[in-house]
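Scroll down for the structure; my scribbles are underneath it.
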Amino acid sequence: MAIDLYLVWAVRSRRDVALAVLVSVAANVAGVLTAESLASVDTWVSAGLHAVFPLTLWRMHRPWVTAETAVPVELVTVDPAPAIAPPAPAETLPDRWPDTDLWQDFNEGVPDTDPVTPPSAADVRTVIAELGGQVTGAQLAAHYGVSDRTGRRYLSLASEAA
């Protein structure tokens, strides 16, 4: 990290740039070469990729490269904008966060307000008989007000128990 910070300092201050880039490239490549087998192609590809960061940083932040021509700056006078009043608070915030009611759903002793109990196989067979005998999971889902997947589960539950 110290070498990378040295590289950033050198590029921004325009001092020791070549040395900082070379040290950073050498450190990054040496780190890869010491960690892996030198006979592996992956090692050399990885070493090349680790050399890209310092070179890219140097290339992106070359402060000595300037535009060929300077663009003239024109000053424009602007009327001052009217003062803007801060908005009034829309609601009062609680004294502490999180509110105590935020955690009420996670209390183990409190039962759900609307527990859903799946129907029994006998109930599903009764509904199938009421709907005409040949039903699909989608029809059962529409009847019970559940998803199509749950309707298919109810249909397989009725056919397994039969």
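The values are calculated or read from the model by the stated rules, or taken from the named source; none is laboratory data. Since this is a predicted model, take the numbers as computed values, not measurements. Every residue, glycine as well, gets a Cβ built from its backbone with ideal geometry; the counts of neighbours run over all protein chains shown. The area values use the complete protein model at the heavy-atom level, side chains included, leaving out ligands, DNA and RNA. Shrake-Rupley method; radii C 1.70, N 1.55, O 1.52, S 1.80 Å.
Between a first residue in region 127-146 that is within 21 Å of Thr117 (Cβ to Cβ) and a second residue that is among the hydroxyl-bearing types (Ser, Thr, Tyr), which pairs have beta carbons less than 7 Å apart while being 6 or more apart in sequence or on different chains?
Leu140/Tyr154; Ala141/Ser147; Ala141/Thr150; Tyr144/Tyr154
Checking the structure you have, find out if any residue of region 52-60 is modelled with pLDDT of 75 or more, of a type in the set (Val, Ile, Thr) and either open to solvent by 100 Å² or more (accessible area, probe 1.4 Å) or not in a helix (DSSP H, G or I) (or both).
no
Only residues that are open to solvent by 70 Å² or more (accessible area, probe 1.4 Å), over 13 Å from Trp58 (Cβ atoms) and assigned to a helix (DSSP H, G or I): list them for region 4-47, please.
Listed by number, the residues that qualify are Leu5, Thr34, Ala35, Val41, Asp42, Trp44, Val45.
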